Amino acid sequence: MSFTRFGSIAVVAVAASLILSSCAANESTTTGSTNAPASLSGTLAGIGSSAQGAAETAWSADFQSANPGVTINYNPAGSGAGRTAFLAGSADFAGSDAALKPEELATASPKCAAASKPIDLPVYISPIAIAYNVDGLKDLKLDAATIAGIFKGSIKTWNDPKIAALNSGTTLPSAKIEVVHRADDSGTTQNFTEYLSANAPDVWSVPAAQTFPFKVGDAATGTPGVASALKAAKNTIGYIDDSAATGMTVAQLKVGDAYSTISAAGAADVVAKSPIASGRGANDLAIAIDRKNTDANAWPLVLVSYLITCSEYKDAATGKLVAAYAKYVASDAGQQSAAKTAGSAPLAADLAAKVATAIATIK
C-alpha cells in the first residue's frame with residue numbers, strides 16, 4: 001500500500017487553511033473579546049503545527065474580526081517547519097507541538113532583538129488519538145506495549161495474540177495491519193514517541209524523536225495527510241491529533257489497571273499535574289508532561305502545542321502585535337474558541353496565569 005497520492009491532499013488542506021487564516025478578517029467564531037488594543041494594525045506570519053491548525057484558523061478569525069487592520073497568515077506546515085522558519089527569521093511566530101530544544105533556544109533569530117531569546121508559550125492542549133479503520137471492529141483496547149509493537153512492526157496482523165489478549169470476546173480479522181505515521185518532522189510524533197518510551201521501553205527501544213524512527217507502514221505529511229490516509233484505506237492505524245479524528249474510530253488506552261476513553265478533560269488533567277520543565281530561560285513555559293499518570297480517566301498520550309515567540313523583537317511594532325495576538329490566544333475567550341472549533345482543552349487557571357505573565361513581557 002502506498003500513500004504517495006495523499007501528498008496532494010495535504011497540500012490542498014494547507015492551502016485551504018492559509019486562505020481561511022488570511023481571509024477571515026470579517027468572520028468570528030466567538031463573541032468573546034480579544035482583549036486587544038483597537039488601534040492595532042499590521043501583518044503577522046506564523047508557521048508550524050498542523051495539529052494546531054484548526055485552532056489557529058479560529059484564533060486568527062476572531063482576532064482579525066476585532067482588529068480589521070490586522071492580517072494573520074498561519075501556514076500549518078508542521079512543527080519542525082515552524083521552528084526552522086522562525087529561527088531563520090522567515091516567520092514572526094511558530095506553532096509547535098514540541099518545545100524548542102536547548103540548541104534551538106540558543107539560536108539567535110533575526111526577528112529577535114540582540115541578546116533576546118525565544119520562548120515557548122503553551123496555548124493548545126489536545127489528546128492524541130490512536131485512530132483505526134477496520135470494518136466491524138469497535139471498542140478496540142490497547143496498552144502502550146501493544147501500540148509500540150504495532151508501530152515498530154513486530155505486531156503485524158489484527159488478530160495477533162497480544163491484541164487478542166486485550167480484547168477478549170472481540171472478533172479480530174487476520175488482515176495485515178497497515179501502519180500510517182508522519183513523514184515530516186512532527187511534534188505529534190515527538191509526543192507519541194515520548195509516551196511509548198516512558199511506558200513501553202522494553203518494546204520501544206529508541207529515544208523519543210520528532211522524526212518517526214522505524215521503516216514500517218506508510219508515511220503521510222501533516223495531520224491532514226494522516227487523516228486522509230486513515231480514511232481512504234482499510235485496516236489502517238495511525239496516531240493523530242484528536243481535532244482531526246472526527247468520524248474516525250479511536251482505541252481506548254490502558255492507563256494503570258483500567259481503560260480510558262479519549263477526552264480533552266483527561267488530557268488537560270495530565271498537563272495540569274505536570275511541572276514546568278527545568279533549566280530553561282525566564283518565561284519559557286515548556287511542560288515536562290507526566291507520561292506515567294495513572295489517574296482515573298487520564299489520557300497521558302497528550303500533546304501540548306506552543307506559540308514560539310521572541311521575548312523581545314527587533315521591530316517594536318511586530319512585538320506589540322505578537323503580544324496582543326498571544327494574549328488573545330491564551331485568554332479564556334481564545335481558549336474557549338479553540339475548544340469549540342478543535343475540541344482542545346482550555347488551559348487550567350494556574351497555567352493560564354503563568355502564560356499571561358510571560359506574554360506581558362513580550363515587546
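The values are calculated or read from the model by the stated rules, or taken from the named source; none is laboratory data. Everything numeric in this text was worked out from a predicted model, so none of it was measured. For neighbour counting, all protein chains shown are included, and Cβ atoms are generated from backbone atoms with ideal geometry for every residue, glycine included.
State yes or no: is residue 178 assigned by TED's automatic domain parsing to the domain that holds residue 255, more than 30 Å from residue 328 (Cβ to Cβ) and not small (Gly, Ala, Ser)? Give the derivation first.
Working: assigned by TED's automatic domain parsing to the domain that holds residue 255: yes; more than 30 Å from residue 328 (Cβ to Cβ): yes; not small (Gly, Ala, Ser): yes.
Yes: the conditions hold for residue 178.
For residues that are of a type outside the set (S, T, N, Q) and crowded, with 23+ Cβ neighbours inside 10 Å, scanning just segment 39-54, find the one that is nearest to residue 320 (Cα to Cα).
46
Please count how many residues of segment 96-136 are under 29 Å from residue 200 (Cβ atoms), of a type in the set (A, V, I, L, M) and surrounded by fewer than 18 Cβ atoms within 10 Å (Cβ to Cβ).
Final tally of qualifying residues: 0.
State whether one or more residues within segment 278-297 are touching a helix residue (DSSP H, G or I) at 6+ places or on another chain (Cβ under 6 Å), crowded, with 17+ Cβ neighbours inside 10 Å, modelled with pLDDT under 95 and not basic (Lys, Arg).
Yes: segment 278-297 contains one or more residues that are touching a helix residue (DSSP H, G or I) at 6+ places or on another chain (Cβ under 6 Å), crowded, with 17+ Cβ neighbours inside 10 Å, modelled with pLDDT under 95 and not basic (Lys, Arg).
Can you find even one residue in segment 307-314 that is of a type outside the set (Lys, Arg), out of contact with any Asp or Glu (no Cβ under 9 Å at 6 or more places or on another chain) and modelled with pLDDT under 95?
Within segment 307-314, none of the residues are of a type outside the set (Lys, Arg), out of contact with any Asp or Glu (no Cβ under 9 Å at 6 or more places or on another chain) and modelled with pLDDT under 95.
Looking at 197, 154, 174, 205 in this structure, which one is at pLDDT 95 or above and either in contact with a Cys (Cβ under 8 Å, 6 or more places away or on another chain) or over 27 Å from residue 228 (Cβ atoms) (or both)?
Only one candidate passes the filter, namely 197.
Looking at 330, 345, 349, 339 in this structure, which one is within 18 Å of the chain's Cα centre (by Cα), within 14 Å of residue 125 (Cβ to Cβ), surrounded by fewer than 22 Cβ atoms within 10 Å (Cβ to Cβ) and not polar (S, T, N, Q)?
Answer to the check: 339.
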